[in-house]
Amino acid sequence: MKMTDYEPQALDVLDDAGRKVLFTEARTANTFAAMDVADDELAMIWELARWSPSAANGQPLRVLFVRTREGKERLGRHLDEGNRAKTLSAPAVAILAYDVDFHEQMPTVFPARGDMLRAAFADQVEKRESIAAYNSALQTGVFLLAVRAAGLAAGPMAGFDRAGVDGEFFTGTSWRSHLVVNIGHPGTDPWFPRLPRVPVEDAVAWV
C-alpha cells in the first residue's frame, strides 16, 4: 500500500460534558454524603482504570478497597491526623499500591516477550521497585479519572505512614502502598475554593 493510499483514523473527541466531568469541573472531595458506593461501582472504576498505559504493559498498580468501619479504623491509625475524619466518613476507600513483583505477570500481559522480561527482572529488585513506583503513579492518574467517570468523587491523600499501612494490610505480599483515595458522593461543603493553574506560558513550550 502506498502512503498516499493511507487514510488516518479519526478518533472520537470527548464532548463538553465529558470534559467537565473528568477535567475542568472535577474537584477533590473533602466531605462525603451518607450514600453507599456499590461493589458494582467500584468494579466499574477498576474496569476503566486497568486500561491505563504502563511500560511494557507491566501494570504494577494494585488496589485494596476498604469498605468496613473496622477496615477504615485500621487504616486511620496510619493516616496523618487531618486525614482521618475524611477517611472514616467516606463510603469507600482505595489503598493504591504497586507490586514489586509485577514481573511475574509479564508472560501474561506481554506474551511476545514476557518470559524474557520476567527473567531479566528476576534479580533486579531495586530496578523493579523504581519501575513499579513510576508506572503505578501513571496508572493512578487514570484511576482518579475512572472514579470521576463512574459518577463519584475522589479524595486522594498522600499523608500517611506507608510502612505502617504496608504492615497493617500487605504483610507477606509484594505490594507497597503509595496513595489513599477516599471515594463517594460529595457531602456538605465538599470543595475548597478552586486554586489557580500554572500559567500556560510557564508550563508549555513549543519547538
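Per-structure values
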{"item": "Cut-off 14 Å between beta-carbons: net charge of the residues surrounding Leu48, Lys and Arg +1, Asp and Glu -1", "result": "-1"}
{"item": "For Thr171, solvent-accessible area (1.4 Å; no DNA, RNA or ligand), Å²", "result": "100 Å²"}
{"item": "Computed Kirkwood radius, in angstrom, where 1/r is averaged over Cα pairs of the chain", "result": "19.1 Å"}
{"item": "Spatial separation of Cα centroids for segment 22-74 and segment 164-200, in angstrom", "result": "9 Å"}
{"item": "Sum of side-chain charges, Gln139 neighbourhood, beta-carbon under 10 Å (Lys, Arg +1; Asp, Glu -1)", "result": "+2"}
{"item": "Which of Thr140, Gln105, Trp206, positive extreme of dipole for the chain (C-beta unit charges)", "result": "Thr140"}
{"item": "Accessible area (Å², per residue) of segment 61-164, counting only protein heavy atoms and a probe of 1.4 Å", "result": "47 Å²"}
{"item": "Pairwise label distance in nanometres, Ala158 with Thr24, each label 7 Å out on the Cα-Cβ vector", "result": "2.8 nm"}
{"item": "Long-range HN-HN contacts of Gly184 with modeled amide H, under 5 Å", "result": "Ala153"}
{"item": "Spin-label pair Asp123/Arg74, simplified geometry with 7 Å Cα→Cβ offset, distance in nm", "result": "3.7 nm"}
{"item": "Sites matching trypsin sites (Lys or Arg not before Pro) across segment 36-78 that sit in DSSP coil, with at most 16 neighbouring C-beta atoms within 10 Å", "result": "Arg50, Arg67, Arg77"}
{"item": "Burial order of peptide ranges 34-46, 175-187, 115-127, 150-162 (average beta-carbon count within 10 Å, highest first)", "result": "175-187, 150-162, 34-46, 115-127"}
{"item": "For Gly159, net neighbour charge (Lys/Arg +1, Asp/Glu -1) across residues whose Cβ lies under 14 Å away", "result": "+1"}
{"item": "Linear extension gain, Ser130 paired with Arg194, 0.36 nm per residue minus alpha-carbon span", "result": "19.7 nm"}
{"item": "The chain: calculated mean residue ellipticity at 222 nm from DSSP helix runs of at least 4, using -39500 (n - 2.57)", "result": "-11000 deg cm²/dmol"}
{"item": "Heavy-atom accessible surface of the chain: percent carbon and sulfur, 1.4 Å", "result": "56 percent"}
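The values are calculated or read from the model by the stated rules, or taken from the named source; none is laboratory data. Values in this document were obtained by computation on a predicted structure and should not be read as measured data. Ideal geometry is used to build each Cβ from the backbone, glycine not excepted, and the neighbour counts take in all protein chains shown. The area values use the complete protein model at the heavy-atom level, side chains included, leaving out ligands, DNA and RNA. Shrake-Rupley method; radii C 1.70, N 1.55, O 1.52, S 1.80 Å.
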